[in-house]
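Student: Next up is a structure, given as structure tokens.
Bear in mind these aren't lab numbers, they're just calculated from the coordinates by the rules spelled out. All of these numbers come straight from a predicted model, not from anything done at the bench. Methodologically, a virtual Cβ is constructed for each residue, glycine included, from the backbone with ideal geometry; neighbour enumeration extends over all protein chains shown.
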Amino acid sequence: MLQRAIKSVIAKAKAQATSKLTCNVGWLAGAEFISRFGRIVAAVILARQLDAVAFGIAAIALTIFEVTRVFTENGIGAAVIRASDKLFDATANTARRLMWAVCISLMAIQFIAGFVVEMILPGRDAGAMVAMLGFVFLLMPFGVMHAYALQRSERMKELAAIGTAQVAADHILTAALAICGFGAWAIVLPKLLTAPIWLLGMLRTKAWVPNLAAGYAPAASILRFSMPVLGSELMCTCRDQLDKFIVSLMFGVEALGLYYFAFNAGLGVSTALNRAFANAVYPHLCAAGDQLKSYRDALFNLGLPFSVLYVAQAGMALYYVPVVFGETWASAASLVAILCLGGPARLFVDAARLHARASGASGHDFRISLGFTASVLIPFALFAVHGLLAVSIISVASASAFALAVTHITLRARQSSTPNPVGVIS
């Protein structure tokens, strides 16, 4: 009897390990870890070749670019991924037009921003760097529909391979240009030079072929779905950036440096795994006949094991931080441990958001993201007087409570086991 039960558990574990979702998360997580390893190597070389001024100039250019690029995560792709088979071609045709308009607008914004930066910081090439990065948006519309089609088909192995190739080339070029004395350009220029690698990779997949005979889906219906998604992504950006701004205002630059180090050292692993989980689970939910069951399975089969990993990392932080990063950072070990414990909350909230998005309730996706952002940031504003460690504990506790509440509500939701309704918006 016991032997039969053990065999049953082993069989279920093997089936889960080879499931499509698990494999997709594995491919994307592997790509994330390769990217982070390459980033560390490049950072070591840059630290020996560039001074603080060069880093500052590059940071200005890349920060503006990253803020602008958030608007490409605008929900148009999410609408394409969840469109029914019947309306996919028409939805994709309209989405391509919309993405062209978005990307051309973002390129123009980059050019204008470059002009403004050049007026503020003349003679340092910062404006030229900002403007140059605008050409990345010019290349994007040629391949972005292939990227959406790959996600829709859950072909994450190909997405991971293309992303890894681009990131590896970025790090290699960064190191080479730094050694050759390109200064801040060594950090910025590879972002443009490697964009064709992404484009050629997407085109080679032949994941999408335009079908103009299918006509065009109403743009208004796509925009009604995508605007709350854009709002949700903007909330995620605020969640990840504004806490650092508040820390700098409340505690000063030195405390910000400590918090920034702890944030990266503590959430580096969870950020990589959470991003891989989110990118794989959304198209999986969209394709599922019973989205609530698939959501529940994803939580228990991947969300819980990942959470155990994050808790284990928190427990080891007091030991590995001084060993890996040096005794200088030993005082940050407790803060690293606390921030590690925030990883599960982010994962479970992202899962709930994506379940709402896959169901067509993009407005609910935005509300969840808004609530979670508030649960993370409000403690920093209200309890800063108690010190950085205390306010971080309160923030993580608040975020975890919100995540548990949202997960409980989502799991109790009633949903039939019928396939997604036909159309872009349910």
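Student: Could you check the simple spin-label distance between Ser84 and Leu382, using points 7 Å along Cα→Cβ, in nm with one decimal?
Tutor: A separation of 4.5 nm, rounded to one decimal place.
Student: Right, here's the next one. Taking only C-alpha pairs under 8 Å that are 6+ residues apart, what is the relative contact order of the chain in percent?
Tutor: That works out to 21 percent.
Student: Whole angstrom only: what separates the Cα centroid of segment 87-122 from the Cα centroid of segment 330-392?
Tutor: 30
Student: Right, something else. How much length, in nm to one decimal, is gained on full extension between Ala312 and Phe115, taken as 0.36 nm per residue of separation minus their Cα-Cα distance?
Tutor: The span from Ala312 to Phe115 would gain 66.1 nm if fully extended.
Student: Please find the FRET efficiency linking Leu192 to Lys20, where r is the Cβ-Cβ separation and R0 is fixed at 41 Å, and quote it to the nearest 0.05.
Tutor: 0.75
Student: To continue, here is another question. Can you sort Thr373, Thr205 by how many other beta carbons sit within 10 Å, fewest first?
Tutor: Thr205, Thr373
Student: Here's a follow-up. What distance in nm separates the two pseudo spin-label positions at Val323 and Ile172, each 7 Å out from Cα along the beta-carbon direction?
Tutor: 3.3
Student: Next up: Along its three principal axes, how long is the chain when you only count alpha carbons? Whole Å, largest extent first please.
Tutor: So the extents along the principal axes, rounded to whole Å, are 59, 58, 42.
Student: Using only the alpha carbons of segment 186-281, determine the length spanned along each of the three principal axes and report them from longest to shortest in whole angstroms.
Tutor: On the principal axes, segment 186-281 reaches 60, 35, 26 Å in Cα extent.
Student: While we're looking at this one, here's another question. Just to check I understand the Karplus step: with θ = phi - 60° and J = 6.51 cos²θ - 1.76 cosθ + 1.60, what whole-Hz values come out for segment 179-192, glycine and proline as x?
Tutor: Here the 3J(HN,Hα) series is 5, 7, x, 7, x, 4, 4, 4, 8, 8, 4, x, 4, 7 Hz.
Student: What distance in nm lies between label points placed 7 Å from Cα along the C-beta direction at Phe300 and Leu404?
Tutor: 2.0
Student: Show that you can apply the helix-only estimate: for the chain, add -39,500 (n - 2.57) for every DSSP H stretch of four or more residues, divide by all residues, and state [θ] at 222 nm to the nearest 500.
Tutor: After summing the helix terms and dividing by the residues of the chain, the value is -27500 deg cm²/dmol.
Student: What whole number of Å gives the distance from the Cα centroid of segment 156-196 to the Cα centroid of segment 232-307?
Tutor: 24
Student: For segment 59-192, what value does the Rg/Rh ratio take when both radii are computed over Cα atoms and Rh is the Kirkwood radius, given to two decimals?
Tutor: 1.04
Student: Same structure, new question: Which ordering of Phe245, Phe71 is given by a fewest-first count of other beta-carbon atoms within 10 Å?
Tutor: Phe245, Phe71
Student: Further, regarding this structure: For segment 232-312, report the convex hull volume of the alpha-carbon atoms normalised per residue, in Å³, without decimals.
Tutor: Cα convex hull per residue, to the nearest whole number: 103 Å³.
Student: May I ask you to derive the relative contact order of segment 231-347, considering only C-alpha pairs under 8 Å and at least 6 residues apart, and to give it as an integer percent?
Tutor: 31
Student: Can you count the Lys pairs in the chain whose Cα atoms are under 30 Å apart, with each pair 8 or more apart or on different chains?
Tutor: Total qualifying Lys-Lys pairs in the chain comes to 19.
Student: By counting other Cβ atoms within 10 Å of each Cβ, how are Thr194, Thr174 ranked from fewest to most?
Tutor: Thr194, Thr174
Student: Give the calculated FRET efficiency between Ser334 and Phe55 to the nearest 0.05, with a Förster radius of 35 Å applied to their Cβ-Cβ distance.
Tutor: 0.80
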